[in-house]
Amino acid sequence: MSTAVSADVIAAGIVDLITTKLDLPVAVSPTSRFTELEIDSLILLELSVMLEQRFDVRLDEDVLSEAGSIDAVAGLVAAG
């Protein structure tokens, strides 16, 4: 049995982080692009810290920005 967490589960966790911790005034889904959510570099920095705390994976804000979407970031987190 694998202990790896699927990208779908991680994406749901990221959606939860964004909606509860960052309090964005828009609908958020796993396919949401950061540009659609109007997420800037400061929010990406906050998200980077939250991802490290929750999933024990360090992704800096530049990597998050290049990924561009929640599901892409979830794939990076899943890859570890």
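The values are calculated or read from the model by the stated rules, or taken from the named source; none is laboratory data. Quantities reported herein were computed from a predicted structural model and do not represent experimental measurements. Cβ sites come from the backbone with ideal geometry, for glycine too, and all protein chains shown count toward neighbours. With ligands, DNA and RNA removed, areas are computed over all heavy atoms of the protein, side chains included. Shrake-Rupley method; radii C 1.70, N 1.55, O 1.52, S 1.80 Å.
Some notes on this structure:
- Where LEU22 falls short, out of the listed (1) in contact with an Asp or Glu (Cβ under 8 Å, 6 or more places away or on another chain); (2) open to solvent by 90 Å² or more (accessible area, probe 1.4 Å): (2)
- Contacts under 6 angstrom Cβ, first residue in region 48-75 being closer than 15 Å to SER6 by Cβ, partner open to solvent by 20 Å² or more (accessible area, probe 1.4 Å) and in a helix (DSSP H, G or I), 6 or more apart: VAL73/ALA67; ALA74/ALA7; GLY75/ALA7
- Complete set of residues in region 3-37 that are acidic (Asp, Glu) and within 15 Å of GLY75 (Cα to Cα): ASP8
- Residues located in region 28-51, provided they are in contact with a Leu (Cβ under 8 Å, 6 or more places away or on another chain) and either closer than 17 Å to ALA11 by Cβ or open to solvent by less than 70 Å² (accessible area, probe 1.4 Å) (or both): VAL28, PHE34, LEU37, ILE39, ILE43, LEU44, LEU47, SER48, MET50, LEU51
- Positions within region 58-80 being open to solvent by less than 20 Å² (accessible area, probe 1.4 Å) and either of a type in the set (Phe, Trp, Tyr) or within 16 Å of ASP8 (Cβ to Cβ) (or both), in sequence order: SER69, ILE70, VAL73, ALA74, VAL77
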